[in-house]
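Remarks on the structure that follows.
The values are calculated or read from the model by the stated rules, or taken from the named source; none is laboratory data. Predicted, not measured: the structure shown is a model, and the values here were computed from it. Heads up, the Cβs are rebuilt from the backbone with ideal geometry, glycines too, and the neighbour counts pull from every protein chain shown. Accessible surface areas use protein heavy atoms only, side chains included; no ligands, DNA or RNA. Shrake-Rupley method; radii C 1.70, N 1.55, O 1.52, S 1.80 Å.
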Amino acid sequence: MTRILYIEDDANNRMLVRRVLMADGFDVDEASNAVDGINKALSNPPDLILMDMSMPGMDGLTATTKIRAMPEIAHIPIVALTANVMEGDKERSLEAGCDGYIGKPIDIDIFVEQISQYLR
């Protein structure tokens, strides 16, 4: 089963994404902050990481950069899943090491398809 780690500080966002992905057969693990997310990725590496960019403490850009510097998990695809949709936000996410970028709110009709392209 494909396992996805969703690093997101907002519980409502985590619940929505978990429900959508689990309904399609994905196993979803969650972390409410970047430090816990990095630790979970290290202890049980997922097939994909969904990363919120705006979190208190360590933001998603910093967390992505840290993950990319860790050889044991650097290969895991990271997709920015963020409400940061201003000009330049996508580019900053990709420069930090994200493999993709999905804006929030998610479109539940195409979300699984969007995620699946990073798992191929």
Worksheet item: Leaving out ligands, DNA and RNA, what percent of the accessible area of the chain is carbon and sulfur, probe 1.4 Å?
Response: 49
Response to the item:
With -39,500 (n - 2.57) per DSSP H segment of 4 or more residues and division by the full residue count of the chain, the 222 nm estimate, nearest 500 deg cm²/dmol, is -11000 deg cm²/dmol
Worksheet item: If you take the beta carbon distance between Val35 and Glu113 as r and set R0 to 25 Å, what does 1/(1 + (r/R0)^6) give as a FRET efficiency, to the nearest 0.05?
Response: 0.20
Worksheet entry | Förster radius 25 Å - calculated FRET efficiency between Thr62 and Ala11 (Cβ-Cβ, nearest 0.05) | 0.70
Discussion item. If you count only protein heavy atoms with a 1.4 Å probe, what accessible area per residue comes out for the chain, rounded to a whole Å²?
Written reply: 51
Response to the item:
In nanometres, the difference between 0.36 nm per residue of separation and the alpha-carbon distance of Ala69 and Ala83 is 2.5 nm
Worksheet entry | Total formal charge among the other residues, if their Cβ is under 11 angstrom from that of Thr64, Lys/Arg +1 and Asp/Glu -1 | -1
Worksheet, complete the sentence: Most fluctuating of Pro46, Pro105, Pro77 in the GNM of the chain (C-alpha, under 10 Å) is Pro105
Worksheet, complete the sentence: If every Lys and Arg gets +1 and every Asp and Glu gets -1 at its Cβ, then about the Cα centre the chain yields a dipole, in debye to the nearest 20, of 220
Worksheet entry | Computed magnitude of the charge dipole of the stretch 12-63 (debye, nearest 20; Cβ of K, R +1, Cβ of D, E -1) | 120
Worksheet item: What net charge do the residues around Ser43 carry, taking every other residue with its C-beta under 13 Å from that of Ser43, with Lys and Arg at +1 and Asp and Glu at -1?
Response: -1
Worksheet item: Percentage of Cα-Cα pair distances in the chain greater than 17 Å, rounded to whole percent?
Response: 49
